[in-house]
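This report concerns only the one structure given below.
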Amino acid sequence: MSDTTEPTGLRVRIMRQGGRAAQLLSHLCSGAFTGRLEAAFDGTPTWNGRRSCLLLSFDVDFPEDADVLPQLVEQLASMQGKASFAVVGRWVEDYPDEHRAVLEAGHELVNHSYSHPELVNVPGRFVSRRDDLNPRRWETLSIQEKAAEIAQCQQAVQGTLGVDLAGFRAPHFGNVDPRPLYPILNELGLSYSTSMLATRGRQLGVPVMEGDVVEIPVSTCPQHPLSSLDTWHGLYAHGGWHLQDFGEVLAQRLRTADASGGITNIYLDPKDVSRIDMVPVFEALADLRDDCWVATYSEFATWFRAECAT
Ligand SMILES: [Zn+2]
């Protein structure tokens, strides 16, 4: 479980290339990929006594995501367990009440950098009311600049809401390798990262201890295993791969994970949740109530660390 050596060869080239051809290829091969992902869980002990685990998260990237947080929290009120919200420091400063509503409902906030580099408006898809976004690509930042982004988010959230964040998600993590950041996270007292796509490491979705940091890989789409199961993939990429059935696909992912004793780690963009039929998701969660552990990242990381220590 601790081997994170990168896979090599054709699979990696396909993963990195992205684009429609790779997606089509992944769709054609999805059975084999998904089978391999699920096989990675064979023999995995139960998740805190449950057969499967759901880590549900939301990336609050834009002010428009912050706008809907109070309604979203209300929508989640009947769900067993709590969710995690990856937040951008500067938006926490500008929209404190919306973020406070998340904390007050018992959910967790996660460090998602101070200014979310590589955040841009895309005419025709989504244009924020803010025109002062940070378009600089995360991967072009030096390690010191990345450290400053992470530290500044910690300070912004502590200064605005009075809480210390326990973990980190890299902006546009699907394209990045989070491992050089682990020493920085350690130094800042952040105990976990959830910044790697399940298909990127050989752990294939199984969380792993990286020194003192728990890396919790993000799940891929059951039908397109090279993509994370997020709202960008479901509603926007290539016109939206799951415009009609995204809620069904999310529910399918939960049921598949439960059948194989697996873990589901997904994020959605709050501003897009109203475009998803969430009924199948909540129905699946109700069906799996006794089998699926719904946890925040902190709860999960604390449990996982203790499991690894025994
Ligand atoms: Zn898909």
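The values are calculated or read from the model by the stated rules, or taken from the named source; none is laboratory data. Since this is a predicted model, take the numbers as computed values, not measurements. Here the Cβ is made from the backbone with ideal geometry for all residues, glycine too, and neighbour counts use every protein chain on show.
Just a few scattered comments:
- Filter pass, V92 being in contact (Cβ under 8 Å) with a residue 24 or more places away in the chain, outside any loop (DSSP other than H, G, I, E, B) and touching a His at 6+ places or on another chain (Cβ under 7 Å): yes
- Some residue of segment 280-299 being touching a residue at least 24 places away in the same chain (Cβ under 8 Å), within 12 Å of the ligand (Cβ to nearest atom) and under 25 Å from E108 (Cα atoms): no
- Test: residue in segment 252-267 that is of a type outside the set (S, T, Y), within 11 Å of the ligand (Cβ to nearest atom) and within 28 Å of E98 (Cα to Cα): no
Quick grid of which residues meet (1) over 18 Å from the mean Cα position of the chain (by Cα); (2) more than 25 Å from L235 (Cα to Cα); (3) crowded, with 19+ Cβ neighbours inside 10 Å; (4) of a type in the set (V, I, T):
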{"position": "G261", "(1), (2), (3), (4)": "yes, yes, yes, no"}
{"position": "L268", "(1), (2), (3), (4)": "no, no, yes, no"}
{"position": "K271", "(1), (2), (3), (4)": "no, no, yes, no"}
{"position": "E283", "(1), (2), (3), (4)": "yes, no, no, no"}
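- For L243, the conditions (1) in contact (Cβ under 8 Å) with a residue 12 or more places away in the chain; (2) within 16 Å of the ligand (Cβ to nearest atom) are fulfilled apart from (1).
- When we screen F173, F246, F168 for residues that are surrounded by 23 or more Cβ atoms within 10 Å (Cβ to Cβ) and modelled with pLDDT under 90, the only hit is F173.
- Test for V87: is it in contact with a Gly (Cβ under 9 Å, 6 or more places away or on another chain) and among the hydrophobic types (A, V, I, L, M, F, W, C): no
- Flag if V110 is touching a Gly at 6+ places or on another chain (Cβ under 6 Å) and among the aliphatic types (A, V, I, L, M): yes
- Restricting attention to segment 200-234, the residues that are within 13 Å of the ligand (Cβ to nearest atom), within 14 Å of the chain's Cα centre (by Cα) and part of a loop (DSSP other than H, G, I, E, B) total 5.
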